[in-house]
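Working notes, structure below.
The values are calculated or read from the model by the stated rules, or taken from the named source; none is laboratory data. Just so we're clear, the structure is a prediction, and the values are computed from it rather than from any experiment. Note: ideal-geometry Cβ built from the backbone for every residue, glycine included; neighbour counts use all protein chains shown. Ligands, DNA and RNA are excluded from the accessible area calculation, which covers all protein heavy atoms including side chains. Shrake-Rupley method; radii C 1.70, N 1.55, O 1.52, S 1.80 Å.
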Amino acid sequence: MERESSSRLYKARKIEEKGISEISAESRPVYHLSAPMGWMNDPNGFSVYKKEYHLFFQYHPFSNAWGPMHWGHCKSSDFVKWDYLPMAMAPDQSYDAGGCYSGSALEVDGAHVLFYTGVIDRYREDGSHDYRQVQCMAKGDGLDYCKYEGNPVIDGSMLPKGSSTEDFRDPRVFAEEDGYYLVAGSRGGDGYGQVLLYRSENLEHWEFLSVLDKSRGKYGKMWECPDFFPLGGKQILLVSPQDMRAVGYEFHNGNNSMFIYGSYDKKVHRFEREEITSADYGLDFYAPQTLLTEDGRRIMIGWMQSWDAGFMKDFLDWSGMMTIPRELTLKDGRIYQSPVRELEAYRRNRVEYTEKQISGETILKGVCGRVIDLQVEVTEFDFRHFTVHFAKNEEYEMLLQYNHSRKCLTIDRTHSGLVRDVVCRRKMTAEPAAEEGGRKILRLRLLLDRYSAEIFVNDGEKVMSSVFHTPMEAEEIVFDTDGRACINVTKYDICM
Ligand code: FRU
């Protein structure tokens, strides 16, 4: 491994150190990871290393806009409280000068091994443009990382015939008993997304094995940021396709993230697709990846932003935040997501109301705030609409509205104070779930953290994640219905 003596990294780390110290904690979310400074997108290298959780991320520290990609770095012992570490990589080699794009990490014999995409972006002497994406490796000790002198470890010569050498990225590496495997996003010869599988004995030399699954013209042109893992007896391929058309309320136009449920025959490296669902139904969620904890939990984290609606940088000193890490479980053939249980240790000031009858607008004393875990159970449904207004003051608000006749839930940030003409509303189907004894309950859990809302419906059967920016003092919560509803409410402040 080459010692990382890059003056570029050194200088960027210096700037980062100063930049972080100038951003006030009050301007950040409390329990969600936000960009140390500048711009952050995808989570990268989400991994356990020496018993701590490490998270890297796509990072452009020099401005609040996307630019040549570095790898930012932080770690946590509980998924909630994150410590920033000096950035891990800068684009400083011939094979990654155009950017160190997304990738993954794993612990091997005491070393923390990173896999990422190097972007080659240069002009040849004859004036022609050389643009390619190749897969690279770096090794480190949890703080400093050295790029492998044999990089790239996978290049365009190892692609199936016809596949794009320009759209080939986001390696996700995992260890199996018989060696290491890597999945990468790619655009196939048909011009649509696909996921490729590679294998290696030593992490340095790789062979192409198979195309695990592909868009077939239906699910986007490029499949980014794949992850591939077993869950509750199924095999899950998690991908983030670009350029999709909307399909009902399941997929929206633009970039989506989706779970592909299937089975996997390890011997012949074949993945058999059974079903596809969205991974999140809100306005801001992309490029998730997962890790497996020592106690066997599959945890997913995503970038809480949409590529097409990057308006938060108009308001904030930094740009980009992550979702709360979420535990994934398979129940009745569907992936359920719930905020990591570690969050519960930070809950304070419980306020509870049971069997509260609501008709018209209702404010419940003590139920307000911007950094809260709010649980609302609707147990009687004598209405068409039931609405939770949150992050609200006289002028601004966020809306979560349940339409009982249509059985759908809408999140709406139209009146949150945005000055950009971006998508502000998204719907998904949602139904009260049957309890034992036949009673039906719609369960809503809202995690609010200053600038974001993650809404877990029916214990995580579906999730909606969105960012917004009403003024910080807008912290009222109002329940409203056009008929009569009965609700149970529990609210906690989240305190760090
Ligand atoms: C996804 C993505 C990745 C790429 C990275 C670049 O959001 O486009 O495919 O590696 O962002 O920042």
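For the stretch 183-190, does any single residue satisfy the condition of being in a strand (DSSP E or B), touching a residue at least 24 places away in the same chain (Cβ under 8 Å), open to solvent by less than 30 Å² (accessible area, probe 1.4 Å) and away from the ligand (no atom under 16 Å from the Cβ)? Outline the logic, then answer.
Quick first cut of the stretch 183-190, residues in a strand (DSSP E or B) only: 183-187.
From what's left, touching a residue at least 24 places away in the same chain (Cβ under 8 Å): 183-187.
From what is left, the residues that are open to solvent by less than 30 Å² (accessible area, probe 1.4 Å) are 183-186.
When the remaining residues are screened for being away from the ligand (no atom under 16 Å from the Cβ), the result is none.
No, because not a single residue in the stretch 183-190 is in a strand (DSSP E or B), touching a residue at least 24 places away in the same chain (Cβ under 8 Å), open to solvent by less than 30 Å² (accessible area, probe 1.4 Å) and away from the ligand (no atom under 16 Å from the Cβ).
Every residue, every condition in (1) free of Cβ contacts under 8 Å to residues at least 40 places away in the same chain; (2) of a type in the set (Gly, Ala, Ser); (3) in a strand (DSSP E or B), yes or no:
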site: Glu436; (1), (2), (3): yes, no, no
site: Arg445; (1), (2), (3): no, no, yes
site: Ser466; (1), (2), (3): no, yes, yes
site: Ala474; (1), (2), (3): no, yes, no
site: Ile487; (1), (2), (3): no, no, yes
site: Tyr492; (1), (2), (3): no, no, yes
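Is there any pair with a first residue in the stretch 322-333 that is assigned by TED's automatic domain parsing to the domain that holds Lys462 and a second that is assigned to a loop (DSSP other than H, G, I, E, B) and crowded, with 22+ Cβ neighbours inside 10 Å whose Cβ atoms are under 7 Å apart and which are 6 or more apart or on different chains, and what are they?
Note: no pairs meet the criteria.
Quickly run through the stretch 119-135 and pick out the residues that are open to solvent by less than 10 Å² (accessible area, probe 1.4 Å) and either more than 25 Å from the chain's Cα centre (by Cα) or in contact (Cβ under 8 Å) with a residue 40 or more places away in the chain (or both).
Residues satisfying the conditions are Val119, Asp130, Gln135.
Taking the condition of being out of contact with any Gly (no Cβ under 6 Å at 6 or more places or on another chain) and within 14 Å of the ligand (Cβ to nearest atom), how many residues in the stretch 234-257 meet it?
7
Any idea which of (1) of a type in the set (Ser, Thr, Tyr); (2) under 28 Å from Val80 (Cα atoms); (3) assigned to a strand (DSSP E or B) is the one Ser416 doesn't satisfy?
The number of the failed condition is (3).
Would you point out which residue out of Tyr396, Tyr402 is out of contact with any strand residue (DSSP E or B) (no Cβ under 8 Å at 6 or more places or on another chain), modelled with pLDDT of 95 or more and buried (at least 17 other Cβ atoms within 10 Å of the Cβ)? Walk me through how you get there before you give the answer.
On the way: Tyr402 fails: out of contact with any strand residue (DSSP E or B) (no Cβ under 8 Å at 6 or more places or on another chain).
It is Tyr396.
Yes or no, residue by residue, for (1) farther than 26 Å from Lys139 by Cβ; (2) touching a Pro at 6+ places or on another chain (Cβ under 9 Å):
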{"residue": "Arg13", "(1), (2)": "no, yes"}
{"residue": "Tyr31", "(1), (2)": "yes, no"}
{"residue": "Gly45", "(1), (2)": "no, no"}
{"residue": "Pro68", "(1), (2)": "no, yes"}
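Can you list the strands (runs of 3 or more DSSP E) found entirely within the stretch 199-294 that contain at least 2 residues being of a type in the set (A, V, I, L, M, F, W, C), open to solvent by less than 70 Å² (accessible area, probe 1.4 Å) and under 30 Å from Lys407 (Cα atoms)? Even if it seems obvious, please write down each step before you answer.
Numbers: elements: 206-214, 223-231, 234-241, 258-265, 270-278, 286-292.
Because the criterion is at least 2 residues that are of a type in the set (A, V, I, L, M, F, W, C), open to solvent by less than 70 Å² (accessible area, probe 1.4 Å) and under 30 Å from Lys407 (Cα atoms), the strands (runs of 3 or more DSSP E) in the stretch 199-294 that meet it are 234-241, 258-265.
Give Phe79, Phe57 a once-over and let me know the one that is within 14 Å of the ligand (Cβ to nearest atom), crowded, with 18+ Cβ neighbours inside 10 Å and closer than 25 Å to Glu342 by Cα. Can you show your working first?
Numbers: Phe79 fails: within 14 Å of the ligand (Cβ to nearest atom).
The unique qualifying residue is Phe57.
Report the residue count in the stretch 60-76 for those that are among the polar types (S, T, N, Q) and surrounded by 24 or more Cβ atoms within 10 Å (Cβ to Cβ).
0
Every residue in the stretch 427-454 that is open to solvent by 10 Å² or more (accessible area, probe 1.4 Å) and of a type in the set (Val, Ile, Thr), please.
Answer for the stretch 427-454, where residues must be open to solvent by 10 Å² or more (accessible area, probe 1.4 Å) and of a type in the set (Val, Ile, Thr): just Thr429.
Enumerate the pairs (first residue in the stretch 136-161 and among the polar types (S, T, N, Q); second residue anywhere and surrounded by 15 or more Cβ atoms within 10 Å (Cβ to Cβ)) with beta-carbon separation below 6 Å, excluding pairs fewer than 6 apart on the same chain, so at least 6 apart or on different chains.
Asn151/Tyr95; Asn151/Cys136
Which one is most open to solvent (accessible area, probe 1.4 Å) among residues in the stretch 82-118 that are of a type in the set (Phe, Trp, Tyr) and within 11 Å of the ligand (Cβ to nearest atom)?
Here is the first cut: in the stretch 82-118, the residues of a type in the set (Phe, Trp, Tyr) are 82, 84, 95, 101, 115-116.
Restricting the remaining residues to those that are within 11 Å of the ligand (Cβ to nearest atom) gives 101, 116.
On the way: Tyr101: 35, Tyr116: 0 Å².
Top of the filtered list is Tyr101.
What pairs come up if the first residue lies in the stretch 266-295 and is at positive phi, the second is away from the ligand (no atom under 16 Å from the Cβ) and hydroxyl-bearing (Ser, Thr, Tyr), and their beta carbons are under 8 Å apart, counting only those six or more places apart or on different chains?
Sorted first by the residue in the stretch 266-295, then by its partner, the pairs are His269/Ser210.
Filter the stretch 299-335 for residues that are open to solvent by 30 Å² or more (accessible area, probe 1.4 Å), of a type outside the set (Asp, Glu) and away from the ligand (no atom under 16 Å from the Cβ); which is nearest to the chain's Cα centre (by Cα)?
For the stretch 299-335, the residue satisfying everything is Thr329.
Residues of the stretch 336-349 being open to solvent by less than 30 Å² (accessible area, probe 1.4 Å) and either among the acidic types (Asp, Glu) or without any contact (Cβ under 8 Å) to a residue 60 or more places away in the chain (or both), which ones?
Result: no residue meets the conditions.
Would you be able to tell me the number of residues in the stretch 11-30 that are surrounded by 13 or more Cβ atoms within 10 Å (Cβ to Cβ) and part of a helix (DSSP H, G or I)?
8
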